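Enquirer: Can you read through this structure? Questions will come right after.
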Amino acid sequence: MSPKIHPPRARRVLAAAAVLLCSTLAACGADGSGAAAPGKPSAAASRPAVTPTAPTAPTTPAGGSAAPTLPPGPGGAAPVFSHGKRDGGKRVALTFDADMTADQDERAARGERFDNPQLIATLRRLKVPATVFMTGKWAEQYPAQARSIGGDPLFEVANHSYAHHAFSTPCYKLPTVPLKGARADVERAFDAFRRAGVKNTVPYFRFPGGCHNDAVLRAIGPTKATAVQWDVVSGDAFAKQAGPVAREVLSQVKPGSVVVMHCTRSAAPVTEEAIRRIVPELRARGYEFVRVSDLIAGR
């Protein structure tokens, strides 16, 4: 996974990307220390995304509602979507990863918050459509919130794996889903959404850490899900001030952009404040907020 970045800001934004992706380590407790430690995604993860020229008709994959998807890649591989049309008008999709892993149940029981209801309330107040990429574990921990988000026409719920394990290695020291278990992991998350009563699910999947390769794209192909990456890194993971997060987003957004942010209070505590700065400024610039499905439909 490598968002398109152009000098002279490349080093700074790539550093922000590393922080974002490495944030999963502290959340997952991968090294037992609670500190994020960067790693390197696989070479295949940084290959150009498959970008078919037109979306297919709405389909209903395992666990997803009818929504536009991209045609499959070679060998039935899941297609990859990173941004919408650059000449399709000033439209931008805000996406929020609701991360939670299997080992975080005890931390949640001790009071750590992996949700962010204030963020969702602010999106509603500002009438901002968004796509929430949710892990199955998050839906199990917060079923009422998952139902509420999934029942609101402002939002759509997409798949972020069951327990935020990596689907290819190396990937920032995340625990790994075996290749033969990749499809089952995606389907298990959709099953968790159904059990929680989440209605507005869409057939999109975001790889934890953004890490993927050709083999895993083929492995999850039968789910008929479109893999969704991003082209704007917000840097909200573990940020302590909202200003730098807002500036990162505002400096990178282009027509058709997909912005990656987080919906986890413990790991991204300033996201809601950043949204209150980002939304009015982008609207003043003439941008319209849409969901990922809207961008895919417009390709």
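None of the figures in this text is laboratory data; all of them are computed from the coordinates on show. Please read these numbers as outputs of a predicted model, since none were measured by experiment. Methodologically, a virtual Cβ is constructed for each residue, glycine included, from the backbone with ideal geometry; neighbour enumeration extends over all protein chains shown.
Enquirer: For the stretch 260-299, what class follows from the C-alpha gyration tensor (a ≥ b ≥ c being the square roots of its eigenvalues): rounded when a/c is under 1.5, otherwise prolate if a/b is larger than b/c, else oblate?
Expert: Taking the square roots of the gyration eigenvalues as a ≥ b ≥ c, the stretch 260-299 is oblate.
Enquirer: Please give the residues of the stretch 224-240, grouped as numeric ranges, whose backbone N is less than 20 Å from a label point set 7 Å along the Cα-to-Cβ vector of S251.
Expert: 230-240
Enquirer: Figure the gain on full extension for K127 and R285 (residue separation times 0.36 nm, minus the Cα-Cα span) and round it to one decimal in nm.
Expert: Numbers: separation 158, 0.36 × 158 = 56.88 nm, distance 1.69 nm.
Here the segment from K127 to R285 would lengthen by 55.2 nm.
Enquirer: Points 7 angstrom from Cα along the Cβ direction at Q241 and R277: gap in nanometres?
Expert: Placing both labels 7 Å along Cα→Cβ, they lie 0.8 nm apart.
Enquirer: Along the charge dipole of the stretch 62-297, pointing to its positive end and built from +1/-1 on Cβ of Lys, Arg, Asp and Glu, which listed residue (Q104, F114, L295) has its Cα farthest out?
Expert: Working it through, the farthest residue towards the positive pole turns out to be L295.
Enquirer: Additional query: How far is it, in nm, from the label point at A215 to the one at D191 when both lie 7 Å from their Cα along the line to the Cβ?
Expert: Rounded to a tenth, the inter-label distance reads 2.4 nm.
Enquirer: Place a +1 charge on the Cβ of each Lys and Arg in the stretch 62-297 and a -1 charge on the Cβ of each Asp and Glu, then give the dipole magnitude about the Cα centre in debye, rounded to the nearest 20.
Expert: Dipole about the Cα centre, nearest 20: 420 debye.
Enquirer: If Lys and Arg each add +1 and Asp and Glu each add -1, what is the summed charge of the other residues whose beta carbon sits under 15 Å from the beta carbon of G76?
Expert: +2
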